[in-house]
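Asker: Provided herewith is a single structure, encoded as structure tokens, for subsequent inquiry.
The values are calculated or read from the model by the stated rules, or taken from the named source; none is laboratory data. All values derive from a computational prediction rather than experimental measurement. Cβ placement follows ideal geometry from the backbone for every residue including glycine, while neighbour counts extend to all protein chains displayed.
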């Protein structure tokens, strides 16, 4: 039994050739070009075109970016009150027309 949704080889070959000619084109661009050319066959989805490009070796996998384990340096208990941080919280106008620039000051450990 064959899959009724399977794309014929001629269509795959045509899309593969189009991808080889224009290596920077993505699936959406290829779909728009295929629609403009007015083929009588059903145009494959963007996912299917992506799979065809991947199988043709035209897609390079992205390098995985790893997050660091520690978002801030480890500080021992003895340094709890030795490092302070100051955060600027914006500004607002008081009733008498002066501007106030509030700051939040906390020790680094409780931040």
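Asker: Residue 29 versus (1) surrounded by fewer than 12 Cβ atoms within 10 Å (Cβ to Cβ); (2) at pLDDT 90 or above: which is the lone unmet condition?
Answerer: The failed condition is (1).
Asker: Under 21 Å from the mean Cα position of the chain (by Cα) and either at pLDDT 90 or above or more than 30 Å from residue 9 (Cβ to Cβ) (or both): does that describe residue 65?
Answerer: yes
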